[in-house]
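Heads up: the structure comes next, in structure tokens.
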Amino acid sequence: MNTIDTIAAQLQGYDPQAMTADGVRDFLARLVTPVQETIELPLFEALGRVLAADVVSPFDVPPHDNSAMDGFAFFGGQLAPDATLDLQVVGTALAGKAWQGSVDHGQCVKIMTGAVMPAGLDTVVPQEFVQLRRTGEHETITIPAGLLRMGDNRRLRGEDLAQGKAALEEGELLTPARLGLAASLGLKTLSTWRPLRVAYFSTGDEILSLGEAPREGAVFDSNRYTVFGLLSRLGCEVIDMGVVRDEPARLEAAFLDAARQADAIITSGGVSVGEADYTKAMMKKLGDVAFWRIAMRPGRPMAVGRISSIKSAVSALSTGAASYQNESKGAVLFGLPGNPVAVMVTFLAFVRPALLQMMGARPEPEVLLKAHSVETIRKKPGRTEYQRGRVTTAPDGSLHVRITGSQGSGVLRSMAEANGLIVLHHGQGNVEAGDEVDVMMFDGAI
Ligand code: AMP
Ligand code: MG
């Protein structure tokens, strides 16, 4: 397990006062470690979890050659490029009820989509391309010349998945399609990494919990609700610890309680420069924590590290908890700024990828959309800016993005209106109207 100091020593030019957004992501990737315990879950409970083992196909999918269309199955070697082909219908193959008889040259079998191809047959002519004639007690079809090639409209055994091959891989997030795929293999349960437990609380004496009487200078706590939503969308188990007053004893109790229960702790507020409260002091006392100034907007201050779940080595020994100390790594700390939009942006930019790594998810390169900015955006090189934007499709099909109102770091209104963040990269300067910009779409994250 890496400490702040060992990671700092691995990084060239590490400066906690001048972190870049990429530098933060790189640091966090070295700090966090994936959960180790697995749980076996029924499919209906596995949505959003991460696979802890490859899912190997126990059989070929499909298990037999079968028809891709409703039509007539026959031996394709009889097709000639410029001649029609007459075939006598000798039987019917239904999905779920194969046709067992033999089929000679000059004969065919009426077949439904998904039905097993009768032995020796390899080609299907869709029913809409043939005429059916009754001659005496027989039915005959005529296949037009040049319509088909041998093998057409037949699905081969093992075409989707071969027996023994990994159908899904460890580290894949279980999406609806992947659940369906697992079900198609007859699997009732899946081995998954256990969900992350994430505790969060808001700090600051001016923060009111819902239901408290408003008072001058105080604001309602919104951060716990955005963090709750972001964590829930990620499939984390959330532990809401409320608003914690700016008093050392309460902060200490909250951090210890959170570290005992959770894999990660998210706090908001109290990490700005010149902050006159006890939050930073308590993080320092209870953990291995770095305090950063990040070249970004909104955001800037952030604390990261690990909080120990025991008060101190001395008290642990006196309570006989020394062995517990070895088992417990403590919890990863993400000390976010207090401003409501800064919380969401730092979560999306840094916390989310780190939590995904802790969940055991395979790292996926971030997909950014390109859209034309409908307006000029002022931007200074030397910091990463995340602007709230709304992407729309123009009548010509191209993507346009506009900024959603005031970009103050406390203005949730413009965040609520946005469907993505315009990412103005570290070295980037002003954007002219019509220029393409990168957008991180909220997609399922928000
Ligand atoms: P801080 O980072 O503690 O200096 O807070 C910056 C700003 O965010 C201040 O205006 C706070 O009142 C506000 N703020 C801090 N925490 C919250 C919260 N949980 N909900 C809403 N606003 C907050
Ligand atoms: Mg504060």
If I stretch the segment between Q163 and A18 completely, what's the gain in nm (0.36 nm per residue apart, minus their alpha carbon distance), one decimal? 46.9 nm
Kindly count the pairs of lysines across the chain whose alpha carbons are less than 23 Å apart, treating pairs on different chains or eight or more residues apart as eligible. 11
Nitroxide proxy distance, nm - points 7 Å out along Cα→Cβ at T175 and N2: 2.9
Multiply the residue gap between V56 and R245 by 0.36 nm, knock off their C-alpha separation, and tell me the result in nm, one decimal place. 62.9 nm
Gyration tensor on Cα atoms of the stretch 66-155, a ≥ b ≥ c root eigenvalues, a/c under 1.5 rounded, else prolate if a/b beats b/c, else oblate, says oblate
Tally up the carbon and sulfur contribution to the accessible surface of the chain as a whole percent, 1.4 Å probe, everything protein left in place. 52
Taking the chain as a Gaussian network, Cα atoms linked when under 10 Å apart, which of I377, I141, I207 shows the biggest mean-square fluctuation? I141
In terms of modelled amide H atoms, which long-range or inter-chain residues lie less than 5 Å from the amide H of R293? Q17, A18, M19
Nearest-10 value in Å² for the accessible area of K97, using the 1.4 Å probe: 140
Using R₀ = 35 Å, calculate the FRET efficiency as 1/(1 + (r/R₀)^6) where r is the Cβ-Cβ separation of F442 and T189; round to 0.05. 0.65
Return the single residue from T38, T267, T346 with maximal mean-square fluctuation; model: Gaussian network over the chain, springs between Cα atoms under 10 Å. T38
What are the ³J(HN,Hα) couplings of the stretch 373-388, residue after residue, when phi is run through the Karplus curve with 6.51, -1.76, 1.60 and θ = phi - 60°? Round to Hz, x for glycine and proline. 6, 7, 9, 6, 10, 7, 8, 8, x, x, 7, 8, 10, 10, 9, 6
Just the number please: accessible area per residue for the chain, 1.4 Å probe, all protein chains included, in Å². 49
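Sort the stretch 369-441 into rounded, prolate or oblate with this rule: let a ≥ b ≥ c be the square roots of the eigenvalues of the Cα gyration tensor; rounded if a/c is under 1.5, and if a/c is not under 1.5, prolate when a/b is larger than b/c, oblate otherwise. Could the numbers behind the result be given before it?
Working: a/c = 1.86, a/b = 1.12, b/c = 1.66.
Oblate shape, in that a/c is at least 1.5 and b/c is the bigger or equal ratio.
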Using 7 Å Cα-to-Cβ label points, what is the V367/A98 separation (nm, one decimal)? 3.9
Using the beta-carbon distance between T84 and H105 and R0 = 22 Å, what value does 1/(1 + (r/R0)^6) give for FRET efficiency, to the nearest 0.05? 0.90
For the stretch 1-58 and the stretch 348-422, write down the distance between their C-alpha centroids in whole Å. 23
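Take the Cβ-Cβ distance between A253 and Y225 as r, set R0 to 22 Å, and report the resulting FRET efficiency rounded to the nearest 0.05. Before the final figure, lay out the partial values.
Numbers: r = 23 Å, r/R0 = 1.04.
Rounded to the nearest 0.05, the efficiency is 0.45.
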Using θ = phi - 60° and Karplus 6.51 cos²θ - 1.76 cosθ + 1.60, couplings along the stretch 341-351 (whole Hz; Gly, Pro as x): 6, 4, 4, 5, 5, 5, 4, 5, 6, 10, 5
Counting only residues 5 or more places away or on other chains, whose amide H sits under 5 Å from the amide H of A68 once H atoms are built in the peptide plane? G114, R154, R155
Spin-label point model (7 Å from Cα, Cβ direction): what's the E237 to A281 distance in nm? 3.5
In the chain, if the dipole is taken from +1 on Lys/Arg beta carbons and -1 on Asp/Glu beta carbons about the Cα centre, which of S102, G146, L156 is farthest to the positive end? L156
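Quick check on the chain: of the DSSP beta bridges with both residues there, what percent are antiparallel, nearest 5%?
For the chain, the DSSP antiparallel bridge percentage is about 70.
Quick one: net charge around D54, please, counting Lys, Arg +1 and Asp, Glu -1 for every other residue with C-beta under 11 Å from its C-beta.
Value of the local net charge: -2.
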Please build a GNM for the chain, connecting alpha carbons under 10 Å apart, and tell me which residue among D435, D15, D82 fluctuates the most. D82
The extension gain from Q131 to A68, computed as 0.36 nm times the residue separation minus the Cα-Cα distance, is 20.7 nm
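The values are calculated or read from the model by the stated rules, or taken from the named source; none is laboratory data. From a predicted model like this one, the values you see are computed outputs, not experimental measurements. Positions of Cβ are backbone-derived with ideal geometry, glycine not excepted, and every protein chain shown enters the neighbour counts. In case anyone asks, the SASA skips ligands and DNA or RNA and just uses the protein heavy atoms, side chains included. Shrake-Rupley method; radii C 1.70, N 1.55, O 1.52, S 1.80 Å.
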